[in-house]
1. Are any residues in region B:89-112 open to solvent by 10 Å² or more (accessible area, probe 1.4 Å) and small (Gly, Ala, Ser), and if so, which ones?
2. With respect to the numbered conditions (1) among the acidic types (Asp, Glu); (2) in contact with an Asp or Glu (Cβ under 8 Å, 6 or more places away or on another chain); (3) open to solvent by less than 60 Å² (accessible area, probe 1.4 Å), which one is the sole condition not fulfilled by A:Asp83?
3. Restricting to region A:1-47, and then to whatever is polar (S, T, N, Q) and not in a loop (DSSP other than H, G, I, E, B), can you tell me which residue is farthest from A:Ala90 (Cα to Cα)?
4. Has region B:26-38 got at least one residue that is facing chain A (nearest Cβ under 10 Å), farther than 19 Å from B:Asn102 by Cβ and either assigned to a loop (DSSP other than H, G, I, E, B) or open to solvent by 90 Å² or more (accessible area, probe 1.4 Å) (or both)?
5. Just to verify a result, which residue in region B:27-63, among those that are among the charged types (D, E, K, R) and over 24 Å from A:Glu5 (Cβ atoms), is nearest to the chain's Cα centre (by Cα)?
6. Of everything in region B:60-80, what is of a type outside the set (S, T, N, Q), closer than 15 Å to B:Leu21 by Cβ and not in a strand (DSSP E or B)? Give them in sequence order.
7. Of (1) away from chain B (no Cβ under 14 Å); (2) assigned to a strand (DSSP E or B); (3) open to solvent by 10 Å² or more (accessible area, probe 1.4 Å), A:Arg107 satisfies all except one. Which?
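The values are calculated or read from the model by the stated rules, or taken from the named source; none is laboratory data. Keep in mind that this is a model prediction, so the values were computed, not measured. Cβ placement follows ideal geometry from the backbone for every residue including glycine, while neighbour counts extend to all protein chains displayed. With ligands, DNA and RNA removed, areas are computed over all heavy atoms of the protein, side chains included. Shrake-Rupley method; radii C 1.70, N 1.55, O 1.52, S 1.80 Å.
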Amino acid sequence: QKEVEQNSGPLSVPEGAIASLNCTYSDRGSQSFFWYRQYSGKSPELIMFIYSNGDKEDGRFTAQLNKASQYVSLLIRDSQPSDSATYLCAVNNAGTASKLTFGTGTRLQVTL
Amino acid sequence: DAGVIQSPRHEVTEMGQEVTLRCKPISGHDYLFWYRQTMMRGLELLIYFNNNVPIDDSGMPEDRFSAKMPNASFSTLKIQPSEPRDSAVYFCASSPGLAVYNEQFFGPGTRLTVL
């Protein structure tokens, strides 16, 4: 079983719609959860992090965490073509300090 | 700050040759990470350093890979001898310190092709 799992996609949504990206993880001791965005040919960049159960909103982005279900998601409201990218879920564990384990990413396509 | 700097940006080499990738982390960051990204395996952590000391190298695939951090502003990842299966994008990242939510800042990556 992979430590961090994501659907590879592509996930296709029309412009203006809500995109929902999902991630599950296997380590119950995981403390913090990160969403990185990676454009084709570029390096990953952090969008959001969350470490408490519930929702965390930042502009058009909302991260949702459910530790009991070992599930984290990212919602993108009013999706724009510029949101088309691969979204990487990353998980760390306080016992391993700064070490992150990444999922393989979900490719999002926002269509006009 | 210029961000994390990596060189070269592209490297094409022949099987059996030695390859050295270089990284300059963001000034003041205590942690440095080396990752490898492929389509099949995604982004994999190879090794990371704290204050120039290797902390976890469990992701280094085999003895052909080695990494050093001689000072706070420079790190190298060396592959000797290189093999075609080493072809990937290699990222260096740095982080300011130990925290539950510490962000890792990635360099632009080095695209390695081993023929």
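1. Once the filter is applied, which keeps residues that are open to solvent by 10 Å² or more (accessible area, probe 1.4 Å) and small (Gly, Ala, Ser), region B:89-112 yields B:Gly97, B:Ala99.
2. Unmet for A:Asp83, out of (1) among the acidic types (Asp, Glu); (2) in contact with an Asp or Glu (Cβ under 8 Å, 6 or more places away or on another chain); (3) open to solvent by less than 60 Å² (accessible area, probe 1.4 Å): (2).
3. Step one: filter region A:1-47 for residues polar (S, T, N, Q), giving A:1, A:6-8, A:12, A:20, A:22, A:24, A:26, A:30-32, A:38, A:40, A:43.
Of the ones still in play, those that are also not in a loop (DSSP other than H, G, I, E, B) are A:12, A:20, A:22, A:24, A:30-32, A:38.
Working: A:Ser12: 22, A:Ser20: 16, A:Asn22: 12, A:Thr24: 10, A:Ser30: 10, A:Gln31: 11, A:Ser32: 8, A:Gln38: 13 Å.
Checked region A:1-47; the qualifying residue farthest from A:Ala90 (Cα to Cα) is A:Ser12.
4. no
5. Among those that are among the charged types (D, E, K, R) and over 24 Å from A:Glu5 (Cβ atoms), it is B:Asp57.
6. Within region B:60-80, B:Met60, B:Pro61, B:Arg64 qualify.
7. (1)
Residues checked against (1) touching a His at 6+ places or on another chain (Cβ under 8 Å); (2) within 18 Å of B:Gln6 (Cα to Cα); (3) modelled with pLDDT of 95 or more:
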position: B:Leu45; (1), (2), (3): no, yes, no
position: B:Asn50; (1), (2), (3): no, no, no
position: B:Arg64; (1), (2), (3): no, no, yes
position: B:Phe74; (1), (2), (3): no, yes, yes
position: B:Ser82; (1), (2), (3): no, no, yes
